[in-house]
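Worksheet: the structure to be examined is printed underneath.
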Amino acid sequence: MKKIAILGGGVSGLSCAHYLAKLGKSLGRSDRIILIEASNSVGGWLKSQQFDDGVIHELGPKSIRASGLPAFNTLLLAEEIKLTPDIIKVKSGDPAAKKRLICVNNQLYTLPNSLKSLIFNCPPFTKPLISSMYKDFKSPRLTLDPNNGEDISVHDFMVSRFGEEVAKYLFDPMCRGIAAGDSKKLSLKSMFPPIYRAERSKGSVIKGMLSPNKETPSTINSEISSSSLLNQVKSEKWSIWSLKNGLEQLPATIYSNLIKHSTSANVEVHLGHQVDHIMFKDDGSAVLHVSNCNSIKPISVDHIFSALPANNLAKCISAKGYPIIHNNLKSIKSVTVAVVNLEYSGTIIPRDMGFGFLTPSYSNSPILGIVFDSCCFRDHDGDKDITRLTVMMGGEWFDDQFGDPVNVDHQLMLKIAQDSVRNHLNINVNPVRTIVNIHKECIPQYYVGHSSKVETIRSEIEKHQLNLELIGNSFGGLGVNDSIYDARQKAYRFYNNK
Ligand SMILES: Cc1cc2nc3c(=O)[nH]c(=O)nc-3n(C[C@H](O)[C@H](O)[C@H](O)COP(=O)(O)OP(=O)(O)OC[C@H]3O[C@@H](n4cnc5c(N)ncnc54)[C@H](O)[C@@H]3O)c2cc1C
C-alpha cells in the first residue's frame, strides 16, 4: 500500500485523484490517496455564482472547448460522472461559435470564419487571408535558436509565416483571450503546440496541418468510439459547452464522486490545509508540512502529484537543497486578471451577436475583452429577460494599468468596465447586478523557452530521484481540457510503471 499525496484541489488535482482512484481500484490496489487543498472549497478557478433568481455568473472559466483529444477526454469524464443531462452546448454553426469579434480603432469586426472570408477581403485585414496562407506555403522552414529550446514568440512566428496582419489581428488578441498575455513574449511551442509541430515537421503550418494525424493512444480511442455522448458531440458538431449550474459543477461533481467512493478507493480530502514545505527523503519519498488555521502537521507520503501553480510549489521546495528546481519553478510567472460580471435588465444586445470581442494589445485599451455571456449560454439567465456580460482586464498589463492588485479599487474597475461597455456596445443603461473580482496571479504565462524550463525541472526531479510528478496548468496546457488530460496521462503512467 502506497500513500500518494495530491497537492491542490483545482480541477487538475481533483481529476488526478479521480483517475488514480479509478485505476488503483481496477488494478486491485489499496493505495491511500490524500488530496490537500489550501482553501475551503475545491475547483480552483472554476467558480460559478448562482443567485436565488436562477441567474448564474461565471467568475472564472466560461466555457470548455468540445473538439480535439483533450476535449473528448473531458467529455468522457463528464459522462462517467453522470453529468450528461446537465450539459449545455453551443454547436459550431451557432452565432456564439461562429462570431468572434475584435475591436480595432473602436470598431468591432467579425474574425474570418468561413472559406468565403478567407478568399475575399475581410476587414480589418487589407488582403484576403488566402494570401497569408500562400506566404506560409512558400516560405522556407524557420531557423530557430537551439539555445532557446528552438522556441519563438507567437508574434515573431506569425509575422514570419503569415505576415504582420495575422500576428496583429488574430494571434495578438487570441493570446490576450487565452492567457491574458502578450504575444510578443509568449511561446509558440507551448501556447500552440499543433501549429509549432506542423511547421517543424513539414516546414509549413498549412502543409503540416493538412497531413494525417498520428494515432492517439488506444485506451482513449476505444472509450471515445463507444461513448454515446461523444457520438452526439461529433454528429452535432459541438463547439463549446458548459453545465446547467455553471462550470463549477464539474469539479464539484468530481469531488462528490470521490467522497462517495472514498471507502473503496481510499481517498481523503483535506480542505483548508496548506502545504508549506516538502522535505524529500533519500529514497525519494517525502514529508509534507501542512498547516491549517490552528496547527501544523507532518504527513509522510511515498509519492506526490503536485497540481499547485508553479510559484506556490517553488515556495514548498528548498532553494538550498534543490536550487535548479526552485528557481525554475519560481520563474514561471502568473498574471492577475480583473473579472467584472455585469447584468442588465432586458435584451440589450442581439442574441446572435456572437461570443464576444477581444482588444489587440497595441490599441492600449484598458480592457482585454468582453464576453457576451447571454449569447453563449442562455440557460444561465434563469427565466429572466436579462443580458449578462463579462469584462476582462489586466493580465500581463495589470500592474502598469491598475497598480498593485492587492490595493486596486474595485469601484474603479467597475467604472472602467461600464465605460467600456458604453463605448464599445453603446449600452447607456446601468447594470442591475455587478460582481467584481481581482483574480490574483491566476493565469501562468508560457514565455518563450517555457518548455525547456519545464524539461529542466523534470530532469532535475529525475536526477534527484524525487517521487514528484508535476501536473496543473503551469505545465501541461492552460485550459481546463489540457489540465484534465494531463492529469489523466500522468495517473495512467504512474500505474503503468508499477
Ligand atoms: C479568469 C479566467 C478565465 C478562464 N477561462 C477559461 C475558459 O473559458 N476555458 C478554459 O478551458 N480555461 C479557462 N481558464 C483556465 C482554467 O481556469 C484553468 O485551466 C484551470 O482552472 C487550471 O486548474 P488547476 O487545477 O491546474 O489550477 P488552479 O485552478 O489554480 O488550482 C490550484 C489549486 O491549488 C490550491 N493551492 C495553491 N497553493 C496551495 C498550497 N500551498 N497548498 C495546498 N493547496 C494549494 C489552490 O487553492 C487551488 O485550488 C480561465 C482561467 C481564469 C483565471
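Throughout, read-outs are computed from the coordinates displayed, never taken from laboratory work. Nothing here was measured: the structure is a model prediction, and the numbers come from that model. Here Cβ is always computed from backbone atoms with ideal geometry, including for glycine, and neighbour counts include all displayed protein chains.
For the reader, a short list of remarks on this structure follows.
- Theoretical FRET efficiency, 1/(1+(r/R0)^6), r = Cβ-Cβ of residue 291 and residue 331, R0 25 Å, to 0.05: 0.45
- Note that the chain, at 10 °C in a medium of 1.306 mPa s, gets a Stokes-Einstein diffusion coefficient of 66 µm²/s from its Kirkwood radius over C-alpha pairs.
- Of all lysines in the structure, the ones whose alpha carbon falls short of 19 Å from that of residue 135, not counting any fewer than 8 places away in one chain, are 116, 127, 168, 202, 207.
- Rg and Dmax [Cα atoms of the range 96-157; Å; Rg one decimal, Dmax integer]: 15.4, 42
- Under the simplified labelling scheme, the residue 259-residue 364 pair shows an inter-label distance of 5.1 nm, with each label point 7 Å from Cα along Cα→Cβ.
- Rounded to the nearest 20 debye, the dipole size of the range 1-52 about its Cα centre is 360 debye, using +1 on the Cβ of Lys and Arg and -1 on the Cβ of Asp and Glu.
- Listed by Cβ neighbour count within 10 Å, with the fewest neighbours leading, 222, 291, 451 appear as 222, 291, 451.
- In plain terms, the chain from residue 279 to residue 126 could stretch by 49.2 nm, reckoned as 0.36 nm per residue minus the Cα-Cα distance.
- The range 48-61 - phi-based ³J(HN,Hα) in whole Hz, Karplus 6.51/-1.76/1.60, Gly and Pro as x: 10, 9, 9, 9, 4, 7, x, 6, 10, 10, 7, 8, x, x
- Evaluated at q = 0.12, 0.16, 0.20 Å⁻¹: base-10 log I(q)/I(0), Debye formula over Cα of the range 344-498: -0.73, -1.01, -1.28
- Separation of the alpha carbons by more than 19 angstrom is noted, of 281/490; 47/333; 82/384; 3/25; 62/99, for 281/490; 47/333; 82/384.
- R0 of 41 Å, Cβ-Cβ distance residue 164-residue 404: FRET efficiency to nearest 0.05: 0.75
- 133, 279 arranged by Cβ crowding within 10 Å, fewest neighbours leading: 279, 133
- Using θ = phi - 60° in the Karplus curve 6.51 cos²θ - 1.76 cosθ + 1.60, the 3J(HN,Hα) couplings for the range 33-40 round to 10, 10, 9, 10, 10, 5, 7, 8 Hz; x is entered for Gly and Pro.
- Linear extension gain, residue 40 paired with residue 135, 0.36 nm per residue minus alpha-carbon span: 28.9 nm
- Span from the the range 302-325 Cα centroid across to the the range 427-462 one, whole angstrom: 18 Å
- If you plug the beta carbon distance of residue 412 and residue 105 into 1/(1 + (r/R0)^6) with R0 = 30 Å, you get a FRET efficiency near 0.75.
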